[in-house]
Amino acid sequence: MNLMFSRFATVAAAVFLTGTAVSAAATPSTVTNADRQSTRDTYSDDEVAKAASDFFSTGAKDLSDVLAKVLKEKGHPVAIIRGEEAGGAIGVGLRYGRGELVFKGVPAHKVYWQGPSIGFDVGGNAVKTFILVYDLPNAAALYKRFPGVEGSLYFVGGFGVNYVQRDGIALAPVRFGVGWRLGIALSYMNFSQEKRYNPL
């Protein structure tokens, strides 16, 4: 009796495991192209330089110097955000932006960001923003608040860059425009899938 039961249990277990394996193989993967691309493909130095130059419509040496600093410190990005932002400050300011998150070989995702800042000027600004994205596993991981890294501000001519990071993900926003404000060094960027008016 025990021998028969043991054999039956062995056969039943084998059938169950085989069925589980077949079921798993038949189940469509929930991993998106963006998930796969974010861990495989990165933008080379030349690709970053060309994309930034096309975006800003300039091949200025100042832009090259800013990009060279970021690439040397952070390496090759897994994604890029191309966008624009506007805001204003009277000591304490607000910033709103919108753009597209682009992984290599994957359709772009629309993204928005907002946040407060401590500025050193009075007035408004409108700038183009080119963000190098590092260690982002997928698009969904972007939708959170990224604090600025103290002391990371770097400025050459009309271009400026600072780092924001959270949970091992780092972003390097390169900005160009009139009045982009030194206050970007003391701020955070709160990303969302839809436009929001609450900067917090």
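Here, each number is a calculation from the coordinates, and none is a lab measurement. Only a predicted model underlies this, so the values are computations on that prediction, with no experimental measurement involved. Glycine also receives a Cβ, built like all others from the backbone with ideal geometry; neighbour counts cover every protein chain displayed.
Report the local net charge at R166: Lys and Arg +1, Asp and Glu -1, summed over other residues whose C-beta lies under 9 Å from its C-beta.
Around R166, the charge tally is +1.
Which order do peptides 132-143, 150-161 fall in by mean Cβ count within 10 Å, highest first?
The packing order, highest mean first, is 132-143, 150-161.
Just subtract the alpha-carbon distance of E73 and K195 from 0.36 nm times their residue separation and send over the number in nm, one decimal.
40.8 nm
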